[in-house]
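The values are calculated or read from the model by the stated rules, or taken from the named source; none is laboratory data. What you are looking at is a predicted structure, and each value in this text was computed from that prediction instead of being measured. No Cβ is skipped: glycine too gets one built from the backbone with ideal geometry, and neighbour counts run over all protein chains shown.
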Amino acid sequence: QALRQISQRTISTASRRQVENKISENQKLFQEDNGLPVYLKGGAKDSLLYRTTAGLTMFGTMYAVYYLLVSSMPKKPN
């Protein structure tokens, strides 16, 4: 049982060290002054997510404006 506790401590400590290294690498990446806004510094995946979100927002806005215009028009009598 003592051996199991020691091995679990070793594994959990090793995994914490890897996370700390990744965090410091990410901090360097996001603090770098390369002229990009923070939401695009993650690379291609962030760029794709940003463009998709912007596109869906524009589509939703245009859809809402269209239906507001259609709703404001009086119906023609049959």
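So, in the stretch 46-76, of the ones that are among the polar types (S, T, N, Q) and surrounded by 10 or more Cβ atoms within 10 Å (Cβ to Cβ), which residue ends up farthest from the chain's Cα centre (by Cα)?
As a first pass, look at the stretch 46-76 and keep what is among the polar types (S, T, N, Q): 47, 52-53, 57, 61, 71-72.
Then drop every residue that is not surrounded by 10 or more Cβ atoms within 10 Å (Cβ to Cβ), which leaves 47, 52-53, 57, 61.
On the way: Ser47: 10, Thr52: 11, Thr53: 10, Thr57: 15, Thr61: 21 Å.
Of everything passing the filter in the stretch 46-76, Thr61 is farthest from the chain's Cα centre (by Cα).
What residue, among those in the stretch 16-39 that are part of a helix (DSSP H, G or I) and among the polar types (S, T, N, Q), is modelled with the lowest pLDDT?
Just the residues of the stretch 16-39 that are part of a helix (DSSP H, G or I), to begin with: 16-31, 38-39.
So of that shortlist, the ones also among the polar types (S, T, N, Q) come out as 18, 21, 24, 26-27, 31.
Working: Gln18: 55, Asn21: 71, Ser24: 82, Asn26: 80, Gln27: 83, Gln31: 87.
Per the stated criteria, the residue is Gln18.
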